[in-house]
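Asks: This is the structure I have questions about; it appears just below.
The values are calculated or read from the model by the stated rules, or taken from the named source; none is laboratory data. These figures come from a predicted structure and were not determined experimentally. Every residue, glycine as well, gets a Cβ built from its backbone with ideal geometry; the counts of neighbours run over all protein chains shown. The protein model used for the area step is the full one, side chains on, heavy atoms only, and it has no ligands, DNA or RNA in it. Shrake-Rupley method; radii C 1.70, N 1.55, O 1.52, S 1.80 Å.
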Amino acid sequence: SMKHMHRVIMGSQAYQMASIHPDGAGNQAKDRDNIHLWVYPARRLEAESIRDAVLAASGELDRALGGKEIPSDNGMTVPRRSLYFSHHPEERMVLLELFDAANPCDGYVRSSSVMPQQALAMVNSPLALRASKAVATGWAGLDDTACAQMAFNRILARDPHEDEREAAIRFLGRQEEMFRRSPPAAKPGDSLSTDPRQRAREHLALALFNHGDFVTIR
């Protein structure tokens, strides 16, 4: 039973250990290549998991089970899980391809690459922009401190460190001031708010979607 095996693994002490070792500097000097597995090697989420995680954080992920295959062109607008979209040599979702989706021309082998287009996709894709607006909508009525706390909890699933909280609060203040001096204009296809305060919060959400911790397994 694979399900039983997964439960055993995930319930083990080894699986639940932190990936940051208390003697990281000392062990790095002794075992730079991690041959003795003294620390978990950080790696990026798989392409499908990145897209699903954006939708899940925004509260828009459709968790329904089963259904027909969905054309990959609908990947930016239909909130179904990524496994339900077409993925074959003639039809692939661009976002998933950028983050190294399994290659259907090579037995669905996965590779891992780092390209500038990946960061651009997380900043500019309709999916990320819509998710940022959806997340920030739930922060109405909160002050900037509570907003920063909520942002880290919701998107990165952890509390912010003190310096991160202060940086997020400064970011919100500067963004709001900038948008009040130069109000954001509504553009075709721009899903973000034109209200300066709300726009600043949507930008904070977008920044955290682009945080290394969001796409990294540690």
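Asks: Need the failing condition index for residue 217 against (1) surrounded by 13 or more Cβ atoms within 10 Å (Cβ to Cβ); (2) at pLDDT below 95; (3) farther than 21 Å from residue 128 by Cα, just the number.
Replies: Unmet for residue 217, out of (1) surrounded by 13 or more Cβ atoms within 10 Å (Cβ to Cβ); (2) at pLDDT below 95; (3) farther than 21 Å from residue 128 by Cα: (3).
Asks: A further question on this structure: State yes or no: is residue 129 among the hydrophobic types (A, V, I, L, M, F, W, C), modelled with pLDDT under 95 and open to solvent by less than 70 Å² (accessible area, probe 1.4 Å)? Lay out the reasoning, then the answer.
Replies: Details: among the hydrophobic types (A, V, I, L, M, F, W, C): yes; modelled with pLDDT under 95: yes; open to solvent by less than 70 Å² (accessible area, probe 1.4 Å): yes.
Here the answer is yes, as residue 129 does meet what is asked.
Asks: Which one of these does residue 112 not meet: (1) at pLDDT 90 or above; (2) among the hydroxyl-bearing types (Ser, Thr, Tyr); (3) closer than 27 Å to residue 207 by Cα?
Replies: (1)
Asks: On the given criteria, is residue 171 of a type in the set (Phe, Trp, Tyr) and open to solvent by less than 40 Å² (accessible area, probe 1.4 Å)? Even if it seems obvious, please write down each step before you answer.
Replies: Values: of a type in the set (Phe, Trp, Tyr): yes; open to solvent by less than 40 Å² (accessible area, probe 1.4 Å): no.
Answer is no for this residue.
Asks: Inspect all residues belonging to the stretch 58-77 and state whether any of them is part of a helix (DSSP H, G or I), exposed (fewer than 11 other Cβ atoms within 10 Å of the Cβ) and not β-branched (Val, Ile, Thr).
Replies: If we filter the stretch 58-77 for residues that are part of a helix (DSSP H, G or I), which is where we start, we get 58, 72-74.
Cutting the leftovers down to exposed (fewer than 11 other Cβ atoms within 10 Å of the Cβ) gives us none.
Looking through the stretch 58-77, none of the residues is part of a helix (DSSP H, G or I), exposed (fewer than 11 other Cβ atoms within 10 Å of the Cβ) and not β-branched (Val, Ile, Thr).
Asks: Taking into account only those residues within the stretch 79-93 that are surrounded by 14 or more Cβ atoms within 10 Å (Cβ to Cβ) and within 20 Å of the chain's Cα centre (by Cα), which is nearest to residue 134 (Cα to Cα)? Outline the logic, then answer.
Replies: Of all residues in the stretch 79-93, those surrounded by 14 or more Cβ atoms within 10 Å (Cβ to Cβ) come to 79-82, 84-87, 92-93.
From what is left, the residues that are within 20 Å of the chain's Cα centre (by Cα) are 79-82, 84-85, 93.
Details: 79: 13, 80: 16, 81: 18, 82: 19, 84: 23, 85: 23, 93: 22 Å.
Among those that are surrounded by 14 or more Cβ atoms within 10 Å (Cβ to Cβ) and within 20 Å of the chain's Cα centre (by Cα), it is 79.
Asks: Out of 149, 117, which single residue is part of a helix (DSSP H, G or I) and touching a Pro at 6+ places or on another chain (Cβ under 8 Å)? Don't jump to the end; show me each part of the working.
Replies: Details: 117 fails: touching a Pro at 6+ places or on another chain (Cβ under 8 Å).
Matching residue, one of 149, 117: 149.
Asks: In the stretch 19-47, what residues are free of Cβ contacts under 8 Å to residues at least 24 places away in the same chain, open to solvent by less than 100 Å² (accessible area, probe 1.4 Å) and assigned to a loop (DSSP other than H, G, I, E, B)? Talk me through it step by step, then tell me what you get.
Replies: First pass over the stretch 19-47, keeping only residues free of Cβ contacts under 8 Å to residues at least 24 places away in the same chain: 21-39, 41.
Applying the additional criterion that residues be open to solvent by less than 100 Å² (accessible area, probe 1.4 Å) yields 21, 23-29, 31, 34, 38-39, 41.
Result: 21, 23, 31, 34, 38, 39, 41.
Asks: All but one of (1) within 14 Å of residue 58 (Cα to Cα); (2) surrounded by 14 or more Cβ atoms within 10 Å (Cβ to Cβ) hold for residue 153; state the number of the condition that does not hold.
Replies: Only one criterion is unmet by residue 153, namely (2).
Asks: Being loosely packed, with under 11 Cβ neighbours inside 10 Å, at positive phi and either at pLDDT below 90 or within 12 Å of the chain's Cα centre (by Cα) (or both) is the requirement here; does residue 212 meet it? Full working, then the answer.
Replies: Details: loosely packed, with under 11 Cβ neighbours inside 10 Å: yes; at positive phi: no; either at pLDDT below 90 or within 12 Å of the chain's Cα centre (by Cα) (or both): yes.
The answer is no for residue 212.
Asks: Could I ask something else about it? Look through the stretch 1-18, keep the residues that are outside any loop (DSSP other than H, G, I, E, B) and more than 17 Å from residue 218 (Cα to Cα), and return whichever of them is most open to solvent (accessible area, probe 1.4 Å).
Replies: We begin by selecting, within the stretch 1-18, every residue outside any loop (DSSP other than H, G, I, E, B); these are 2-10, 13-16.
Next, only the ones that are more than 17 Å from residue 218 (Cα to Cα) stay: 2-8.
Numbers: 2: 121, 3: 130, 4: 110, 5: 84, 6: 89, 7: 158, 8: 82 Å².
The qualifying residue most open to solvent (accessible area, probe 1.4 Å) is 7.
Asks: Still on this structure, I have one more. What pairs can you find where one residue is in the stretch 120-148 and over 16 Å from residue 56 (Cβ atoms) and without any contact (Cβ under 8 Å) to a residue 24 or more places away in the chain, the other is open to solvent by less than 10 Å² (accessible area, probe 1.4 Å) and not hydroxyl-bearing (Ser, Thr, Tyr), and their Cβ atoms are less than 8 Å apart, with a gap of 6+ or different chains?
Replies: 146/139
Asks: On the basis of being over 28 Å from residue 196 (Cα atoms), among the polar types (S, T, N, Q) and in contact with a strand residue (DSSP E or B) (Cβ under 6 Å, 6 or more places away or on another chain), does residue 74 make the cut?
Replies: Working: over 28 Å from residue 196 (Cα atoms): yes; among the polar types (S, T, N, Q): yes; in contact with a strand residue (DSSP E or B) (Cβ under 6 Å, 6 or more places away or on another chain): no.
So residue 74 does not fit the description; no.
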